[in-house]
Every structure is written in C-alpha cells, then in structure tokens.
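Below is one structure; the comments refer to it alone.
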Amino acid sequence: MLEKRLKTIQTTIVVLTVLNIIILLGYLIISLTVINNETCPSEKPLFSEEKNQIFGQDNILIHDLENKDIYFYDSSKSSVLNAKIGNNLNLEDYQEISIDTSRDNSENYKVIYSAKAKAANLILDVRTKKSGAVTCKTYDWIVNEPFNSNYAKQEFEDCFYLGNASWYGQAENKNQQFWPINDIEFKEYSPYLTGLFGDIWSSILERYWLSSNGIAVIVDQSSPLFVKKNKTSFCLLASSKEPYHNQHLIVKLKYDICQIDKSSAKTDYLNQLQLFVINNYFAKPVGIPDERMFKSPIWSTWATFKKNINETTLKAFAHDILKNNFTNSQLEIDDKWQTNYGDFIFDTKKFPDMKGLITYLNNLLDLSCQEIFWYQK
C-alpha cells in the first residue's frame, strides 16, 4: 500500500515538473518574440520594386514612383509630409525606371530613369543621415548625360503639400504679409532671388521652409531655383531660364528634408529643429564689422545734390563734412553716377577718373574703401 502511494507521488512530481518546464518554455518563447519585435524592423526588405514602390520600416510606403509621391511619418505612424517629386516628368519618356539599393547605408537609394529617344537619362539620388533626434534626407535630381549631349531641355519640379501644418520661412513678400505663410499665393513661377523680379520677393529671402509638423525643407544654393505657391502647396522648379541662363547648362535640383523626432523633444521640438537647421545649413558672421558703421553717419549725395553730381560736387561734399567737424562711416554716391539706369558703366563726362576720385575720398575721409553706389535696374 505504501509503495503504491510513493509511486503515485513520484508520478505526480514528474507530471508537475514537465508542466512547469512547458510553461517556462512558453514564457521564454513569448519574451523572445516581444524582444525581437521591439528591436528589429519588419522582415520585409526595405526596398521593393513591386509596382515601383519603396517601403520603409514596418512596411510603410515612403516613395511611390508611378504616382511620384513621397511620404514622411512621425513615430506614431501619422503622416507629417506628402510631396510630389519629379512632378513634371512624363513617365512615358522612359523605357525603364530601376532602383539601385547597393549603398553603404540601408536607407540610401538611387532611382535611375533610362530614357527613350532624346529625353535625358536621369538619376534621383536619395541619401540619409542622422544627428541626434534629427534625420535628414537629401534628394538630388541629376541629368545623367555627358556635358555636350544632344537631349531635350530638362527641368525638375517638386511640390510639397502644406497639409494641416503651419508653415514658416520662405521670404518677405512685398504685397502679402502673412505669418504663418500658408495663405500667401503667387501662382506663376518666379526666380527665387531678392527684389529683382516683379513685386513678389523683398530683400529677405532664404531657401528654407519650416513646418509645425517637425519638418524642414532646405534647398541647395547650387540649384537654379524658381518658386510658386498657393494655399495648399509650394513648388520648387530648377530651370536654366533667365536669369540663370548659361550659368547652369546641366540643371539639377537638390534639397534636404529634415525631420525631428517629436517624441524625444516634446514641447520645444520646433525650436530644436530650427536651431539644428541654423547651425548646420547657414553660415554665421565672422569677425566684427567696422564700429564706425554703428557710431557715425552714412553721408548720401542725394540729400543735397539729387541727380546733379560729378567729381567736383563730390570733393566739395567731402570737404564740407570735415569743415563742420562731422564724423563719417560711409559715403553713398547716389543717383545718377552711371550712364544709364541698370548698367554698371560710370558716366565719364561727370567722372572722368573715378578710380582717382575714390582714392582721393578714401584719403580725405579715411574711409578705407567705404564708398557705396546707389543702383537702379
């Protein structure tokens, strides 16, 4: 009887031990699965050429080549930017669109457009770099042809949707002062240059757009840039049209899209992104300006002489400044020193020896070449 009980107890102990081992193995499998899901991205390849689409982590579509869309998402998988890139390309002009993913960084890729007939072969080079909470992607459109090739004129157009975000930056606008800039509209492309063309741009202009969704768009200075904007989007156009004619025989469009991880920055993420852009994309002043520019007046010939200036009146003007014991920082030679408005040719009837006159004024007023000339187009 006792032996029978012992055997029953032994059997029970074995069964419980086996059950405990099974339970422990189950917990171990579940833990490994959770860890794997948290630390590893989706097993699906980052790039898929199916339907010319490119996927990011967790199988999220980031670039649809056929529809020309790119997408940016935040850490909660919510969309923060949508753009149409290569917007003006006619895909029927290309016999093949292929993707080159053989790059050192798994997030870098090239899209290669192999052209038919006389269209140009193109490359879109996309590169990614990370710095702390900020990730920047460079989009670089390139004409992949020898310098003297005979191909159709190429332009690049990329458009960015404003979405539900507030947008800042761009440029001061002469006739439309809105902040944020969402409501500014100019529906025709204009050269993105300060104060030279029409009534759109003023004297403050940067190739920089900042979104409240934690996105910044910064266009490279090498791109011959035109811009247009409406209340839903802004568009960038790279073209060799005037005033860039002959300066960019092979046109390119290059810009960076920088995104900050809002979850890491919380309330001040936009300030942090702004500081990142300033510190990494814009040159800072070096040295100290001439202190006289802050302490002493700028003397202009316009106040006394209007257009009636010549070598004699300039010398007399400089002597009057000294005779009255006034200080000076700069001498502005105003209207009308040139032969015709819009050129840079001195009127030799008024100024037969401008170089000698500048030397004379420098020595007299100790200006150290601080003369400036008023210019009208």
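Regarding ILE345, is this residue modelled with pLDDT under 85, on the phi < 0 side of the Ramachandran plot, exposed (fewer than 13 other Cβ atoms within 10 Å of the Cβ) and in contact with a Ser or Thr (Cβ under 6 Å, 6 or more places away or on another chain)?
For ILE345, the condition - modelled with pLDDT under 85, on the phi < 0 side of the Ramachandran plot, exposed (fewer than 13 other Cβ atoms within 10 Å of the Cβ) and in contact with a Ser or Thr (Cβ under 6 Å, 6 or more places away or on another chain) - is met.
Given (1) at pLDDT 85 or above; (2) surrounded by fewer than 17 Cβ atoms within 10 Å (Cβ to Cβ), identify the lone condition not met by ILE62.
(2)
Select from the range 267-303 the residues that are without any contact (Cβ under 8 Å) to a residue 24 or more places away in the chain and of a type in the set (Gly, Ala, Ser) and list them in ascending order.
If the condition is that a residue be without any contact (Cβ under 8 Å) to a residue 24 or more places away in the chain and of a type in the set (Gly, Ala, Ser), then ALA283, GLY287, ALA303 are the ones that fit.
With the condition kept exactly as written, say whether any residue in the range 186-200 is among the aliphatic types (A, V, I, L, M), in contact with a Leu (Cβ under 7 Å, 6 or more places away or on another chain) and buried (at least 18 other Cβ atoms within 10 Å of the Cβ). Steps first, please.
Start the filter on the range 186-200 by keeping residues that are among the aliphatic types (A, V, I, L, M), which leaves 193, 196, 200.
Checking the rest, the ones that are also in contact with a Leu (Cβ under 7 Å, 6 or more places away or on another chain) come to none.
There is no residue in the range 186-200 that is among the aliphatic types (A, V, I, L, M), in contact with a Leu (Cβ under 7 Å, 6 or more places away or on another chain) and buried (at least 18 other Cβ atoms within 10 Å of the Cβ).
Could you give every pair whose Cβ atoms fall below 6 Å, whose first residue belongs to the range 66-88 and is of a type outside the set (Phe, Trp, Tyr), and whose second residue is assigned to a strand (DSSP E or B) and surrounded by fewer than 17 Cβ atoms within 10 Å (Cβ to Cβ), counting only separations of at least 6 or pairs across chains?
Note: pairs meeting the criteria are ASN82/TYR71; ASN82/TYR161.
Conditions first: (1) charged (D, E, K, R); (2) more than 28 Å from GLN221 (Cβ to Cβ); (3) modelled with pLDDT under 85; (4) surrounded by 15 or more Cβ atoms within 10 Å (Cβ to Cβ). LYS241 passes all but one, so which condition is the exception?
Going through (1) charged (D, E, K, R); (2) more than 28 Å from GLN221 (Cβ to Cβ); (3) modelled with pLDDT under 85; (4) surrounded by 15 or more Cβ atoms within 10 Å (Cβ to Cβ) one by one, LYS241 breaks only (2).
Do we find that THR339 is touching a strand residue (DSSP E or B) at 6+ places or on another chain (Cβ under 8 Å) and hydroxyl-bearing (Ser, Thr, Tyr) in this structure?
Taking the combined requirement at face value, the residue satisfies it.
Go through the range 309-341 residue by residue and tally those that are over 25 Å from SER296 (Cβ atoms) and open to solvent by less than 30 Å² (accessible area, probe 1.4 Å).
Residues that pass the stated criteria total 1.
For the range 268-288, what are the residues that are more than 17 Å from GLY132 (Cα to Cα) and open to solvent by 80 Å² or more (accessible area, probe 1.4 Å)?
ALA283, LYS284, PRO285, VAL286, ILE288
Restricting to the range 201-223, name every residue that is within 13 Å of the chain's Cα centre (by Cα) and open to solvent by less than 10 Å² (accessible area, probe 1.4 Å).
TRP209, SER211, ILE215, ALA216, VAL217, VAL219, SER223, listed by residue number.
Just to be sure I understand, how many residues within the range 160-169 are under 11 Å from PHE234 (Cβ atoms) and open to solvent by 10 Å² or more (accessible area, probe 1.4 Å)?
Adding up the residues that qualify gives 2.
Take the conditions surrounded by fewer than 18 Cβ atoms within 10 Å (Cβ to Cβ) and closer than 23 Å to SER166 by Cα and apply them to SER263. Does it pass?
yes
Out of all the residues in the range 149-163, is one or more farther than 30 Å from ASN279 by Cα and at pLDDT 85 or above? Let's see the steps before the verdict.
Here is the first cut: in the range 149-163, the ones farther than 30 Å from ASN279 by Cα are 149-155.
Narrowing further to those that are at pLDDT 85 or above: 155.
Within the range 149-163, one or more residues are farther than 30 Å from ASN279 by Cα and at pLDDT 85 or above.
Any residue at all in the range 352-363 that's farther than 20 Å from MET293 by Cα, in contact with a Ser or Thr (Cβ under 7 Å, 6 or more places away or on another chain) and among the aliphatic types (A, V, I, L, M)?
The answer is no, given that none of the residues of the range 352-363 is farther than 20 Å from MET293 by Cα, in contact with a Ser or Thr (Cβ under 7 Å, 6 or more places away or on another chain) and among the aliphatic types (A, V, I, L, M).
Every residue in the range 109-124 that is closer than 14 Å to HIS63 by Cα and touching a Phe, Trp or Tyr at 6+ places or on another chain (Cβ under 8 Å), please.
Passing the criteria: TYR109, LEU124.
The values are calculated or read from the model by the stated rules, or taken from the named source; none is laboratory data. Quick caveat, the model's predicted, so the values are computed rather than measured. Please note: Cβ atoms are built from the backbone with ideal geometry, for glycine as well, and neighbour counts cover all protein chains shown. Just so you know, the surface numbers come from the protein's heavy atoms only, side chains and all, with ligands and any DNA or RNA stripped out. Shrake-Rupley method; radii C 1.70, N 1.55, O 1.52, S 1.80 Å.
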